[in-house]
1. I'd like the FRET efficiency for B:LYS51 and A:GLN95, computed as 1/(1 + (r/R0)^6) with the beta carbon distance as r and R0 of 25 Å, rounded to 0.05.
2. Once you place label points 7 Å from the Cα toward the Cβ at B:VAL38 and A:SER53, how far apart are they in nm?
3. Can you pull the mean other chain C-beta count within 10 Å for peptide B:35-44?
4. Residues with beta-carbon under 15 Å from that of A:ALA78, excluding A:ALA78: net charge, scoring Lys, Arg +1 and Asp, Glu -1?
5. Using packing as a proxy for protection, rank B:19-27, A:55-63 so that the peptide with the highest average count of other Cβ atoms within 10 Å comes first.
6. Which whole-angstrom value gives the distance between the alpha carbon centres of region A:1-38 and region B:77-110?
7. What is the sum of charges, Lys and Arg at +1 and Asp and Glu at -1, for the other residues whose Cβ falls under 13 Å from the Cβ of A:LEU89?
8. How big is the shadow of the Cα convex hull of chain B, averaged over all directions, in nm²?
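Every number here is computed from the coordinates shown, using simple stated rules; none is lab data. Only a predicted model underlies this, so the values are computations on that prediction, with no experimental measurement involved. Virtual Cβ from ideal backbone geometry, glycine too; neighbours counted across all protein chains shown.
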Amino acid sequence: KQEVTQIPAALSVPEGENLVLNCSFTDSAIYNLQWFRQDPGKGLTSLLLIQSSQREQTSGRLNASLDKSSGRSTLYIAASQPGDSATYLCAVRDQNSNSGYALNFGKGTSLLVTP
Amino acid sequence: EAGVTQFPSHSVIEKGQTVTLRCDPISGHDNLYWYRRVMGKEIKFLLHFVKESKQDESGMPNNRFLAERTGGTYSTLKVQPAELEDSGVYFCASNRGGTQYFGPGTRLLVL
């Protein structure tokens, strides 16, 4: 059974800092990995999706890396801004055909960027 | 393009009552998913529809939960009778493949 862990659970940084959020998963046989953002009272917004054959994806100030063999992914946020404050969720879709399309989520990292 | 919508946004009911949650996926998305997040835990998969068929319902907690997707458009998730541990946020998502697009969720509180 896939277990997804995110560290740290919460993070507070001053504006302008670069930061790294970590995600680990127990079963390396994955189909893909996604990073989501959730704002309070809102749904999840997909930030980056990395296929199992890829090593990283970039979008603006965000860069996500994937090391499938070690069961790790990182989300790098450059030059953080107060608007980046949100909960960041890592989700893994397993390669096992029996698990279908279900996403396995971590508990998230709550990020606060202070002005 | 309208996103995934869910109704109601909040629901407060008493233990033993029935509640029905609705999800309208993005138009043209055959895949529809239900997820749930209970307090302090991670978001957990409940089930997956392809059009009107249940593709995977391995995450449904028990037989008090009934999901339907008549006609392959919107979906409902009924909880009957509701228990205290059913409190949480229920998310719906849809896609045609690739990224799943999530709705804002329904916050359910069972007293």
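1. Numbers: r = 24 Å, r/R0 = 0.96.
Step by step, r from the Cβ atoms, then E = 0.55.
2. It works out to 4.0 nm between the two label points.
3. On the way: counts 5, 0, 5, 0, 0, 1, 2, 12, 11, 4.
Mean inter-chain Cβ contacts per residue within 10 Å come to 4.
4. Working: positive: A:ARG61; negative: A:GLU15, A:GLU17, A:GLU56, A:ASP84.
For residues surrounding A:ALA78, the net value is -3.
5. Working: B:19-27: 18.1, A:55-63: 13.0.
Highest to lowest by the protection proxy: B:19-27, A:55-63.
6. If you average the Cα positions of each part, the centres end up 22 Å apart.
7. Values: positive: A:ARG37, A:LYS42, A:LYS107, B:ARG37, B:LYS41, B:LYS44; negative: A:ASP39, B:GLU42.
Here the charged neighbours net out to +4.
8. Details: hull surface 25.8 nm².
Here the figure is 6.4 nm², rounded to one decimal.
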